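The values are calculated or read from the model by the stated rules, or taken from the named source; none is laboratory data. Being a predicted model, the structure only gives us computed values, none of them experimental. Cβ atoms come from the backbone with ideal geometry, glycine included; neighbour counts cover every protein chain shown.
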Amino acid sequence: MSTTTTAPEPIVVANVTNAYWTRARKAGAIYVAAGALAVIFWGVLAKNTGSSKFTLGESINDSSFGLPSRVGTIIFALITVVCGILLFSGRMDRRFGLLSGIAVVGLVVSFLCWQLVDNTMPLGSTAAATVSYALPLMLGALAGVLGERSGVINVAIEGQLLLGAFMAAFVGTVTASAWVGLVGAAVGGLIVAWILAVLAIRYLVALTVFCLVATMTIWVSGLIVGFILFPVGDVLLLSGSTVSLGEGLLRALVIALVISLSLLGLAAIGLFVSSLTSTPLAAMAATFGTFIVLGIMTAIPQLHAIHPWLLMYRWQSFADVLRDPPYWHEIGRNLLLQAGYVAVFYTAAWARITSRDIT
């Protein structure tokens, strides 16, 4: 009787190598590019020959310290470049948070030195205003995180804030109690959240339809509060003339439709960003960050050449509906711009979704 033995199969050890473009390298490349552009456009080519002054108090009359504008712009931009080079080298991955913070602060200070030529900036009042204005954004971001954890992308955060403000003003005025108004604000936010949950989960409504439904919800809520708190009659337009209540309601409906269509460009950007990552929170953060960056760029006078091409530049054109006769030119240009954003980013998202398995 003979026995046969089989040799054990060889164990294959995969040669796993780390990807070259790590998070630190990507951030480093961005910091280097941003710092280099700041050196060129904010420092070398800019005509900022004065000085930039900063005060630690809340008034420009407090004791201040100054920096030569061009020198400060270039130095702090170079600090951003150095931090980017250190991160791109791949040897400072453990210091990613520290170097990123220094790079961002350097870029911000470089921007301030470029803008504050022969002007004074009170850091105390600026910090207080920043905290005050950022509080709704932080609360909205927390609401977005809760939505993402449940698997629903919340595109109604601003609508929740607006309806909450409406309900707080209405309920607080009627009951003469701030605490009851606070409860009304929470109920208003819950109403918008309920609409989002029903449309997105039960009926699987697309973002385009939801933009319309969310805007119309705010529109109806505003009309109800207005009818209750204010006298009803002829509507005064921005041109100084008056129209009947029926025509005023029709114009308000047109405004709601224009606002809904104006949100489609941002929805297209969010759809494209969501096709690039499998993490809903990252998609929301990137879309929200894009919204903030575009808003900042719209407010910078030095970028006036590209303002007509920015997403939010003509968002306020809906006010032209309240003129007599309405100015349709700017509204048409706004809708045409939104159509361009929708065509570009929806096409890019479609190409991404059909070419890769993102499930």
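Selection of segment 156-173 for residues being touching a residue at least 40 places away in the same chain (Cβ under 8 Å), under 24 Å from Leu146 (Cβ atoms) and surrounded by fewer than 21 Cβ atoms within 10 Å (Cβ to Cβ) yields Leu162, Phe166.
Sort out which residues of segment 79-97 are in contact with a Ser or Thr (Cβ under 9 Å, 6 or more places away or on another chain) and under 22 Å from Leu45 (Cβ atoms), and write them in order of number. Of everything in segment 79-97, those that are in contact with a Ser or Thr (Cβ under 9 Å, 6 or more places away or on another chain) and under 22 Å from Leu45 (Cβ atoms) turn out to be Ile79, Thr80. Given the condition closer than 30 Å to Leu263 by Cα, of a type in the set (S, T, N, Q) and touching a residue at least 24 places away in the same chain (Cβ under 8 Å), answer yes or no: does some residue in segment 118-129 qualify? Within segment 118-129, not a single residue is closer than 30 Å to Leu263 by Cα, of a type in the set (S, T, N, Q) and touching a residue at least 24 places away in the same chain (Cβ under 8 Å). Regarding Ala268, is this residue surrounded by 15 or more Cβ atoms within 10 Å (Cβ to Cβ) and either within 25 Å of Gly147 (Cβ to Cβ) or at pLDDT below 85 (or both)? The answer is yes for Ala268. Applying the set (1) at pLDDT 85 or above; (2) closer than 21 Å to Leu303 by Cα; (3) out of contact with any strand residue (DSSP E or B) (no Cβ under 8 Å at 6 or more places or on another chain) to Ala46 leaves exactly one unmet item: (1). Selection over segment 87-101 of residues that are within 21 Å of Phe76 (Cβ to Cβ) and out of contact with any helix residue (DSSP H, G or I) (no Cβ under 8 Å at 6 or more places or on another chain) gives a count of 3. All of Leu236, Leu196, Leu229, Leu223 fail the test of being surrounded by 11 or more Cβ atoms within 10 Å (Cβ to Cβ) and either at pLDDT 80 or above or basic (Lys, Arg) (or both), apart from Leu236. Segment 233-328 holds helices (runs of 4 or more DSSP H) entirely within its bounds, and those carrying 3 or more residues that are closer than 23 Å to Gly222 by Cα and in contact (Cβ under 8 Å) with a residue 60 or more places away in the chain map to 245-262.
Out of Ser110, Ser63, Ser125, Ser69, one residue alone is more than 12 Å from Gly35 (Cβ to Cβ), touching a helix residue (DSSP H, G or I) at 6+ places or on another chain (Cβ under 6 Å) and among the polar types (S, T, N, Q). It is Ser69.
Residues in segment 57-93 that are over 16 Å from Leu107 (Cα atoms), surrounded by fewer than 17 Cβ atoms within 10 Å (Cβ to Cβ) and within 29 Å of the chain's Cα centre (by Cα): Glu58, Asp93.
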